[in-house]
Amino acid sequence: MHSILIRLRSPAGTGGPAQGADALANRFMTASVPGVEHVSLQPVTDGFDGIAFVVAPSLSQAVRRTRTVCETLLASRELGDGWWLESCQADVLNVSGLWLPGRAR
Amino acid sequence: MLEVLGLDARASRVYEVMVSQPEWTVADIAAHLAVAPDEVRDALDTLARKSLLRPAEGHPERLRAINPAIGLSALLAGQEAELAEQRAQIARTRQEAARLASRWTATHVPHGSVELLEDEVELRRRQEELTARVRLEVLSFLPGGAQSADVLAVEREAAEGCLARGVRIREAFTTSAMNDAATSAHTDWMARAGAEVRLAPALPTRLVVWDSHTALVPAEPGPGLRAGLLLTAPGIVTALVALFEAVWAGAEPVHEEAPHDRSADPQDLQLVRFLRSGLTDEAMSRQLGVSVRTTRRMLAGLYARLGARCRFEAGYEAARRGWL
């Protein structure tokens, strides 16, 4: 699995997310985009920060799939009006197996 | 290994599989690790919290991503900082220990040691070591009348080595020991070989002193020496040497003491003649064509060979040996 950092932001002055992180994570995993295995989100003052764990043939494809899910959720306005995707990029967890002891890929 | 980064064992295992098998799903990982899928999800939550995200500078309420190119070094940075602090703490502790050790050393003048030699074999071995290393003199009391054949054999062997190296030997026996033919023959041999042997009506203890710095006494009262105490404390050894000298002064030579058989070399004889003439160190150095410092070193060597501690004693000893 690849890990993808996502950062969703609410409009200025709206006071942050209206729904819980677990509920939103569940929405990610039930979206009709293959490969999203797990999502871990943390609420912050103006949105959510978190990591999506995605199975894909490559890291770039995992980023694209994650972005698709985020944009689908934003378009559905489930989070509310004015929310936007600040960041969707590969996370530090995607290190080479060479970093790990006993692994040589 | 990743536990050192603050990851628990389960999260570490999940992480390893995750990056080495990127095509595997949560279910695949769970099956591989023989755990429930929810446990894998919990581990993924742990990994996500661990940071992989960090508070943004100037905005602690926000999180920022770490460049993936940095990889685990970002995770290691925190551990390295803790390690550096621990190293600094160890260094401070080591410095403090060194300071305390230094203070302890400054306030505790070494007073020598006491070594208990309980085993006869070990006792014999240590005596042989000390006798082999002695440079100037061996003093000994052999109380208790007749000496056993073993003791006499050891004494003779040690004496042969010492006398061959020019080491002075002074041995005191009890007068009654001369009633024993073997002991009497031993004292005769010792005297002929160059040792000084005297007889006293009584001797306080078995005693051996090497070069006035190491003494051996019995661990238990009595004439025998089955277990011994080896003493190097200067105060104790000095007292034992004084005891020896007091007894020695009142003892009678077993035979007329023969001159020491060590022959003097020309330099020793020249120095002795200078001493007899009453020359100062400076005058000697001019005569010898060497520095005063060298002259004093030569005199110190002469004193050591004679077993003397001053000019007077050196003169006496040189005269006794027939060097004048």
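Each value in this text was obtained by applying a stated rule to the coordinates, not by laboratory testing. Computed from a predicted model, the values in this text were never measured in an experiment. A quick note on method: Cβ atoms are made from the backbone with ideal geometry, for glycine too, and the neighbour counts reach across all protein chains shown.
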* Structure fact -> Percent antiparallel among DSSP beta bridges confined to segment B:114-253, nearest 5, equals 60
* To do: Taking the Cα atoms of segment B:168-324, report the difference between the largest and smallest coordinate on each principal axis, in whole Å and largest first.
  => 56, 34, 21
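To the nearest 0.05, how large is the calculated FRET efficiency for B:ALA319 and B:VAL290 if R₀ is 30 Å and r is the Cβ-Cβ distance?
0.75
If you take the square roots of the eigenvalues of the alpha-carbon gyration tensor of segment B:114-253 and sort them as a ≥ b ≥ c, do you get rounded (a/c under 1.5), prolate (a/b over b/c) or oblate?
In terms of gyration-tensor shape, rounded.
Arranged from highest to lowest average of other beta-carbon atoms within 10 Å per residue, in what order do the peptides B:145-157, B:185-197, A:75-87 appear?
On the way: B:145-157: 15.5, B:185-197: 19.2, A:75-87: 13.5.
Highest-to-lowest ranking by the protection proxy: B:185-197, B:145-157, A:75-87.
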* Average partner chain C-beta neighbours within 10 Å, per residue of A:35-45? -> 5
* To do: Might you report the magnitude of the Cβ-based charge dipole of segment A:2-99 about its Cα centre, with Lys and Arg at +1 and Asp and Glu at -1, to the nearest 20 debye?
  => 220
* Structure fact -> If N is the residue count of segment A:2-99, its Cα Rg over 2.2 N^0.38 Å rounds to 1.05
* Averaged over A:46-53, how many beta carbons belonging to a partner chain fall within 10 Å of each residue's beta carbon? -> 5
* **Contour minus Cα-Cα distance for B:HIS32 and B:ALA182 (0.36 nm per residue)** => 45.0 nm
* Would you mind getting me the FRET efficiency between B:GLU220 and B:ALA153? Use the beta-carbon distance for r and R0 = 30 Å, nearest 0.05. => 0.80
